[in-house]
1. How big is region 107-248 along each principal axis, measuring the range of its Cα positions in Å and listing the largest first?
2. Just to confirm a number: summing +1 for Lys and Arg and -1 for Asp and Glu over residues other than residue 249 whose beta-carbon lies under 11 angstrom from that of residue 249, what do you get?
3. Taking neighbour counts of Cβ atoms within 10 Å as a proxy for exposure, in what order, fewest first, do 173, 252 appear?
4. Loop only by DSSP, 14 or fewer other Cβ within 10 Å of the Cβ. Give me the chymotrypsin sites (Phe, Trp or Tyr not before Pro) in region 98-206 that pass, ordered by residue number.
5. Would you mind checking the pairs 194/242; 194/222; 151/253; 194/241; 145/194 and listing those with alpha carbons more than 19 angstrom apart?
6. List 95, 55 from most exposed to least, where exposure is judged by having the fewest other Cβ atoms within 10 Å.
7. What Kirkwood radius, in Å to one decimal, follows from the Cα pairs of region 61-172?
8. Hey, what D do you get for region 209-276 in µm²/s if you plug the Kirkwood alpha-carbon radius into Stokes-Einstein at 20 °C and 1.002 mPa s?
Amino acid sequence: MKAKYLIIGSAIAAVLIAGGLILKLSFLGKAAAKAAPSNSSAQTSAKAPAVKKVFSKDMGGLNVQVLNARSKSAPLRAKAFRSVDSRSAVYIGPFVLNKTQELAPGSYDVELDTAPQKIYKGIRVSAGQETVEDLGCVTGILNIKTMNAKKKAASYPINVYHPKTGNAIISTTTNKPLELLAGTYDIEIGLLPKVAEAGVVIEAGKEKILDLGIVTGTLIVKAVDEKGIEIKDARQPVKVKKAGTNELIVSTKVNKPVEIKQGTYDIEIGTVPPQINKDVKVKPGEDKVVEVAIHTSSQAKAPAAPSQAKAPAAPAAPLSKIALPAKGR
């Protein structure tokens with residue numbers, strides 16, 4: 001009997017397993033059937049032709065595409081000019097980049113508000129058609145990094161010049177990335193004295209980093225008396241000149257710190273007589289203190305000139321007596 005029950009149980013289990021497999025296969029088949037139309041519609045939409053843009057009567061469209069140094073759509077301003085002849089063009093108005101704008105048929109010049117500005121000429125627009133002018137990436141990035149005498153990021157003024165004409169293009173500061181039209185430039189950094197970098201090449205889509213590090217120190221001309229004690233209220237003028245020359249770098253006063261580029265300088269203090277300290281070396285990131293003895297006599301005011309006593313008044317001249325003739329009776 002036990003064997004009989006085992007056979008019956010095995011048969012029932014086999015039937016249940018087979019039924020489960022049939023249901024699973026049926027479900028997968030339905031899912032595949034549902035997915036098939038979706039894939040077909042995706043392929044149909046991928047093959048669908050692009051929708052043709054419709055323009056107003058007798059008008060066309062222009063789309064000037066520009067990427068910035070980060071390979072993203074450049075948020076640059078632009079201007080459109082309609083060519084009149086080979087020598088002249090008429091200003092149409094502001095132009096939005098990376099977006100189609102309606103224009104009358106003709107030849108156009110587009111000026112990009114890059115630094116420096118650049119004009120792309122002879123772009124044709126036809127009636128009922130869209131003209132796409134893909135300029136790609138046109139700018140790169142200039143990043144001049146430096147630290148001050150206190151070893152902190154510094155904001156020194158920067159001027160960018162055209163290398164051939166010397167014309168100023170744009171001003172910025174150190175440690176601030178600047179987007180420039182790809183090209184070659186001369187750079188001036190407003191330190192004391194100024195630092196010049198000639199022939200700096202900016203490539204489209206790339207960042208040019210000039211890491212100057214720490215290039216300045218602090219110069220302090222300290223006024224002391226005969227005993228070496230600081231005279232805090234001293235205000236004698238100080239001239240800092242390039243060593244061995246008469247080239248003035250900066251004018252300041254005693255007891256007033258001044259940040260100056262590393263180098264060797266001659267220092268002239270406006271005492272009476274003048275004091276000159278030659279070949280004073282300033283190192284980057286360091287304080288250079290130059291002590292100058294100021295005599296108390298030079299601090300004192302010059303005595304007032306003695307007043308001249310008035311000369312005594314001359315005695316009045318005696319009146320001369322004139323004899324009058326006697327009157328006749």
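Please treat every number below as a calculation from the coordinates, not as lab data. Here the structure is a predicted model, which is why all the values come from computation and not from measurement. For neighbour counting, all protein chains shown are included, and Cβ atoms are generated from backbone atoms with ideal geometry for every residue, glycine included.
1. The Cα atoms of region 107-248 stretch 92, 29, 26 Å along their principal axes.
2. +3
3. Ascending Cβ contact count within 10 Å gives the list 173, 252.
4. none
5. In this structure, 194/222; 151/253 lie more than 19 Å apart at Cα.
6. In order of increasing Cβ crowding within 10 Å: 55, 95.
7. One over the average 1/r among Cα pairs gives 16.3 Å for region 61-172.
8. Once the numbers are plugged in, D ends up at 161 µm²/s.
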